[in-house]
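So the structure is just underneath, and the comments pick up after that.
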Amino acid sequence: MERAATFDVGSASSAASLSSSPSSTTPSRRNSFSIFEKPASPAGLSSISNFASLKGFSSSRVSLLPMPVLSRASSALDIAKSSLKWLPTHRIELPSYAPLSGLPSPLRSPTTSPRLRSIFSHCLYKRLFLWIGGLLCALFVILVAHSRSHHGIHFHEDQPPPPEDKGPSPEAIWVNYTRLDSYYNGIRSIVPISEYHAEYPTAADTEIGKLQEFADATNTTLVLPPAPMDKRAANDAASTTTSTTSTASTTATAASPAKTTPAKASTLPKPTIYNAHPDYNSTWYRTQFYPVKRCYLDDANEVPVPDLWAYPGVPQGQPEPLIGSHSLLGLREDVCFDRFGRYGPYGLGYSKEEGGTGLALDTESEGAEHIWSTESTSGKIDYSNVDWASAQRRCYEANEERFIAAGSDGSRPTEYSAPGDLLSMPNQAANTATANSTSGLKKIERTAIVMRCYAGFKWSMHSILNMRALVSELALRSGGEYDVHILLHARDENIPIWADEETAQEFIANNIPREFRGLVTLWSEGQMRMLYPGMRGQPAFSNPANADIHGVYRSAHYPLQHFAQQHPEYAHYWNWEMDMRFLGSYYEFFNRLGIWADKQPRRRLWERSAKYYIPALHGSWENFTARVDAEAHEAGRPSILGELYFTGRTQTRDEERGVSPLPAGCEGAVLSTYNRTSPADNATEALPGRHFFADRNNNYTKIPETCGVGEAADLITLNPMFDAEDSGWMFANDVTGYDLAFAIPPRRTAIITASRLSRRLLFAMHEETWRLHHGMFAEMFPPSVALHRGFKAVYAPHPVYADRHWPLAAAEKAFNAGPDHSSGASPASPFHPRNEHYHRGITWYYNSNFAGRLWRRWLGYLQPIDDPAAPKPRPANGTDDSLAGLGGGAGDEAVNSGRMCMRSVLVHPIKFESLAEIFG
């Protein structure tokens, strides 16, 4: 989501007087009121300057004096030269500007005494005045000198001492950490995972990080051995006679191995077909689930869905993720993807005449021909006539019996179910796979991928490749398990898209490539105002953007809520953005995250989801879970479970009917005595007769370990859900429709709106909006509703890479700077505006610079070696090469180890992918 807020700016008053506003007068107007004509010499200019500088007579007022009318042609220069003779020293009284005639000087007063003029122009009096002025000045200097040397007389207070040097800014500190360059090792450096050694983090990094944490906890000083100099520093030292010392943090380089260029392999490795989907033809699958029928790109069922390709192994030295983990989520970490294996099946690497995109023809491509060889099931596909909406629809219809139908016994309860059916359902979500009573085979639920687009979006060929990959890998190769939709924002509300179908289709044709037009659903902000009229005029604790509550900036979730109402056949909805890319299989990413989130227990789930997971420091997930539990126990905070009760809370219809948000298996949890709010705070005299809930104290102890295990998550986020209170996040108090007589409700926030939301959550958000008239900023509303209503919300720690050799203890302090090592509820939070710079060097955040540079380098384009906007690092030996020059491109890849090959990674934001998109 774009971050540029739109603020209302008041206009200047139009009733300002010209005579009191110098800036309101144009040069031509000032010249038309000038007393004198343009002088012929600098002397005339000097006279004019002296005239304008008189006390009580500003230059701006002089410029507005009416021009005197001269009765005869006389030299203006003569008048200017004589000005010093007649300008008085007292306040000037403007004369009446009647026509003058016959005066030797047009402005000379006839009443001036010649005697006085001769006295004050006499040399004796001038000398007397000069001597008196000089004596006074000398006396003043003596007194000032005396006051500085003695304490008896003081003419001014002592000046404060100069401010102390506070050292470099926090951003300058981490930018000075050693840059990691092994990301750019190519396919010729690929080794089996058993032989792989990461440049970062190393075992020494982990040991130092834990020692630093122990030293911080015991308030002792950690003494480290001298840090070995990395290759760049060593080269600098060899090229200069002066001794140098590393200016990076000792812990940043203490374990940094020398960066070496991998030797070229004697034989070029070959890619293989990569399939992240289940083996639908296996005996195990066919005995558990309904059979999956193959899908095709064309109506005749002749063009199969293309395969994805990957290289077994990983380039030697390629860094591990700083945050998150592949293996934890079930993502393969023993393979890597190059640009041709990832996008070649969708048109990258061959010409438009062959049905491709024409991209990457000028990049290094040794060995890329394998993906279009006879080993491939499809070869080079002609995409010029593919209709993705039609292919997606045919795929679902061919496999319809596999899926749970909306409204069936296997679907989730909602407020729109009939009351009788609703109350007879169990008070928990159905399993993602439900057995059919007759065949014994399981049916599965479906998921929608909702791509957020807007009118005017510039569709590049890379954007088209990304969309083809989404539909192909998620919808077609899964046999209809996913559907991809484009939710198109019609920003110009003057276009009558709701009144005329032909106009709507023309609007879609003007904004969406032909192959994707059938995937589009339109929406507008005016439509949201009609759907949610009760939000208009609701009180807000804060509105820092000064924006409309129905606008996309504050309430991007509104159209998604409405989309769920239109399409209740889906159990889950991924909110996705056009500037996101996944280097790997989309099916693997979305499927594995869902499976992992379903396995997470409810106990301490909110606490774990509020913290970044740094595996090199925190250890295994079991260790991380125990660590979070110990931190919360030490702070005396029981676990949050079920609905959250706070002052001013109101019920949803499901709550009024007694529907519990908790699944089976949570019985036995005991309420603690810990109170978030005092029951006395629920009383109010200003609003008598209103019903408010007392704090029912939903903080639990003795929660069963199995509580929530196997329960489908209502919300999966890709960044921690931090406590917005005291976090400094700009929109932390953008809360609308709640009673301002009470304290602001508890809130959780996940930056970047990309997330998976359940039908239950979106229906609850819809009710909160239309019925209860509640709203919050877009990145805060889904997690906060889940918190208030007791739904299951999970942060999935996907792999996030860093461009610097962060000391692990420093990374923990930067990214988990809140209370109990959480990521929020503190001015030191990384989501505070002054701390968000930490994210510029990682691959997933709205302000990331590294994400775009890494992605474009992987595509084969020339890129800056470092972030051009970052503070310049301190040179180690008087020279600085970290911001100089470019890297990558066909020449660089050809002479080194070949094109890049990365393990799967999610990157955002990608605002452009080649310079041709900017200048073309």
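Of all residues being acidic (Asp, Glu) and in contact (Cβ under 8 Å) with a residue 12 or more places away in the chain in the range 286-320, which is surrounded by the most Cβ atoms within 10 Å (Cβ to Cβ)? Just the residue, please.
GLU320
Taking the range 798-841 as the search range and keeping residues that are of a type in the set (Ser, Thr, Tyr) and closer than 22 Å to THR178 by Cβ, which one is surrounded by the most Cβ atoms within 10 Å (Cβ to Cβ)?
Across the range 798-841, the extreme among qualifying residues is TYR801.
Tell me which residues, restricted to the range 792-813, are in contact with a helix residue (DSSP H, G or I) (Cβ under 6 Å, 6 or more places away or on another chain), part of a strand (DSSP E or B) and closer than 23 Å to LEU331 by Cβ.
ALA793, VAL794, ALA802
Restricting attention to the range 567-591, which residues are assigned to a loop (DSSP other than H, G, I, E, B) and either in contact with a His (Cβ under 7 Å, 6 or more places away or on another chain) or under 20 Å from LEU854 (Cβ atoms) (or both)?
MET578, ASP579, MET580, GLY584, SER585
Residue-wise test of (1) at pLDDT below 95; (2) crowded, with 21+ Cβ neighbours inside 10 Å; (3) under 20 Å from THR753 (Cα atoms).
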position	(1), (2), (3)
MET580	no, no, yes
TYR586	no, yes, yes
PHE589	no, yes, yes
ALA597	no, yes, yes
SER609	no, yes, yes
ILE614	no, yes, no
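Which residue out of ASP820, ASP867, ASP881, ASP892 is among the acidic types (Asp, Glu), within 30 Å of GLU634 (Cβ to Cβ) and modelled with pLDDT under 95?
Matching residue, one of ASP820, ASP867, ASP881, ASP892: ASP820.
For ASP629, only one of the following conditions fails: (1) part of a helix (DSSP H, G or I); (2) among the charged types (D, E, K, R); (3) buried (at least 17 other Cβ atoms within 10 Å of the Cβ). What is its number?
(3)
When the range 632-659 is examined, which residues are found to be more than 29 Å from ASP739 (Cβ to Cβ) and either touching a residue at least 40 places away in the same chain (Cβ under 8 Å) or part of a helix (DSSP H, G or I) (or both)?
Result: ALA632, HIS633, GLU634, ALA635.
For (1) within 24 Å of MET461 (Cα to Cα); (2) in contact (Cβ under 8 Å) with a residue 60 or more places away in the chain; (3) part of a strand (DSSP E or B), each residue gets a yes or a no:
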site	(1), (2), (3)
ASP492	no, no, no
ALA499	no, no, no
GLU502	no, no, no
GLU506	yes, no, no
LEU522	yes, no, yes
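Just the residues that are under 23 Å from the mean Cα position of the chain (by Cα) and farther than 27 Å from LEU476 by Cβ, please, taken from the range 555-606.
SER555, ALA556, HIS557, TYR558, GLN561, TRP606
Please go through the range 324-374 and pick out each residue that is aromatic (Phe, Trp, Tyr) and either touching a helix residue (DSSP H, G or I) at 6+ places or on another chain (Cβ under 8 Å) or in a helix (DSSP H, G or I) (or both).
Of everything in the range 324-374, those that are aromatic (Phe, Trp, Tyr) and either touching a helix residue (DSSP H, G or I) at 6+ places or on another chain (Cβ under 8 Å) or in a helix (DSSP H, G or I) (or both) turn out to be PHE340, TYR343, TYR346, TYR350, TRP372.
For the range 314-337, which positions are within 25 Å of LEU465 (Cβ to Cβ) and of a type outside the set (A, V, I, L, M)?
PRO315, GLN318, PRO321, HIS326, ARG332, GLU333, CYS336, PHE337
Have a look at PRO601, PRO568, PRO533 and point out the one that is touching a Cys at 6+ places or on another chain (Cβ under 7 Å), at pLDDT 95 or above and not hydroxyl-bearing (Ser, Thr, Tyr).
Selected residue: PRO601, the only one of PRO601, PRO568, PRO533 that is touching a Cys at 6+ places or on another chain (Cβ under 7 Å), at pLDDT 95 or above and not hydroxyl-bearing (Ser, Thr, Tyr).
The values are calculated or read from the model by the stated rules, or taken from the named source; none is laboratory data. Just so it is clear, the structure is predicted and the values come from calculations on it, not from any experiment. We place every Cβ from the backbone using ideal geometry, glycine too, and count neighbours over all the protein chains shown.
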